[in-house]
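The values are calculated or read from the model by the stated rules, or taken from the named source; none is laboratory data. If you're wondering where the values come from, they're calculated on a predicted model, not measured in any experiment. Here the Cβ positions follow ideal geometry from the backbone for every residue, glycine too, while neighbour counts run over all protein chains shown. For accessibility, only protein heavy atoms count, side chains too; no ligands or nucleic acids. Shrake-Rupley method; radii C 1.70, N 1.55, O 1.52, S 1.80 Å.
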Amino acid sequence: MLKIILISHGPFSKGLLESIEMISGPQESIQALSLERGMDPENFKQQLKEVIEKDYDPIRGVLVLCDLKGGTPYNSAAYLSQNFKLKLVTGMNVPMVITLVTSRMENSTLEEMAALAIETQTINVENVDLEFKGGQKRGKLSLNKNR
């Protein structure tokens, strides 16, 4: 199965993985790595390298999901892409990762999963209009319509 690695600043990636497993159940071939406050960037890069190397399949590669572009986690993965087959996708979020883990099959390719990660419905970002139009409305708290 295609390996997925979540990387982030602070505990976001680890919390995201916990949330994904809470919603979708235990997952295989997915790991989270966090850049902790005060951590040396070289130390993070070395830890990421070790996570990539564990059970690395040079034919399948690794999908790395990152919180944001340009930070230490992103730069570390981009640097390591010189030596490993990987795709790096930024802007990871709960809907994206749920879509990936529930769509991932034994024969899913790195290219397919990276493309799926950036599809519009996977990103799931919208501005929801919560204002009522046409006057004030009150919610009924009772099932008794006579009150």
| request: Could you grab the pairs with beta carbons closer than 8 Å, sequence gap of 6+ or different chains, first residue in segment 46-64 and on the phi > 0 side of the Ramachandran plot, second one hydrophobic (A, V, I, L, M, F, W, C) and surrounded by 15 or more Cβ atoms within 10 Å (Cβ to Cβ)? | output: 61/2; 61/84; 61/86; 61/110
| query | How many residues does segment 23-63 contain that are open to solvent by 30 Å² or more (accessible area, probe 1.4 Å), under 14 Å from the mean Cα position of the chain (by Cα) and of a type in the set (A, V, I, L, M)? | reply | 1
| query | Taking only pairs six or more apart or across chains, which ones have beta-carbon atoms under 8 Å, a first residue in segment 89-115 that is farther than 18 Å from residue 74 by Cα and modelled with pLDDT of 95 or more, and a second residue that is basic (Lys, Arg) and in a helix (DSSP H, G or I)? | reply | none
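Can you name every residue in segment 65-82 that is part of a loop (DSSP other than H, G, I, E, B) and touching a residue at least 24 places away in the same chain (Cβ under 8 Å)? Don't jump to the end; show me each part of the working.
Of segment 65-82, the ones part of a loop (DSSP other than H, G, I, E, B) are 67-71, 81-82.
Residues satisfying the conditions are 67, 68, 71.
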| query | So which residues in segment 1-22 are surrounded by fewer than 19 Cβ atoms within 10 Å (Cβ to Cβ) and of a type in the set (Lys, Arg)? | reply | 14
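Residues being of a type in the set (Val, Ile, Thr) and in a helix (DSSP H, G or I): count how many of those fall in segment 44-64. Talk me through it step by step, then tell me what you get.
From segment 44-64, those of a type in the set (Val, Ile, Thr) are 51-52, 59, 62, 64; that's our starting set.
Going one step further and asking which of them are in a helix (DSSP H, G or I), we end up with 51-52.
Total meeting the criteria: 2.
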| So how many residues does segment 89-132 have that are buried (at least 18 other Cβ atoms within 10 Å of the Cβ) and in a loop (DSSP other than H, G, I, E, B)? | 2
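The rows are residues; the columns are (1) assigned to a strand (DSSP E or B); (2) more than 27 Å from residue 57 (Cβ to Cβ); (3) modelled with pLDDT under 95.
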| site | (1), (2), (3) |
| --- | --- |
| 1 | no, no, yes |
| 4 | yes, no, no |
| 8 | yes, no, no |
| 16 | no, no, no |
| 20 | no, no, no |
| 33 | yes, no, no |
| 42 | no, no, no |
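Search segment 112-133 for residues being of a type in the set (A, V, I, L, M) and over 12 Å from residue 63 (Cβ atoms), and hand back the single one that is farthest from the chain's Cα centre (by Cα). Give the derivation first.
Step one: of segment 112-133, the residues of a type in the set (A, V, I, L, M) are 113-118, 123, 125, 128, 130.
Next, from what is left, pick out any that are over 12 Å from residue 63 (Cβ atoms): 123, 125, 128, 130.
On the way: 123: 10, 125: 14, 128: 22, 130: 27 Å.
Among those residues, the one meeting the criterion is 130.
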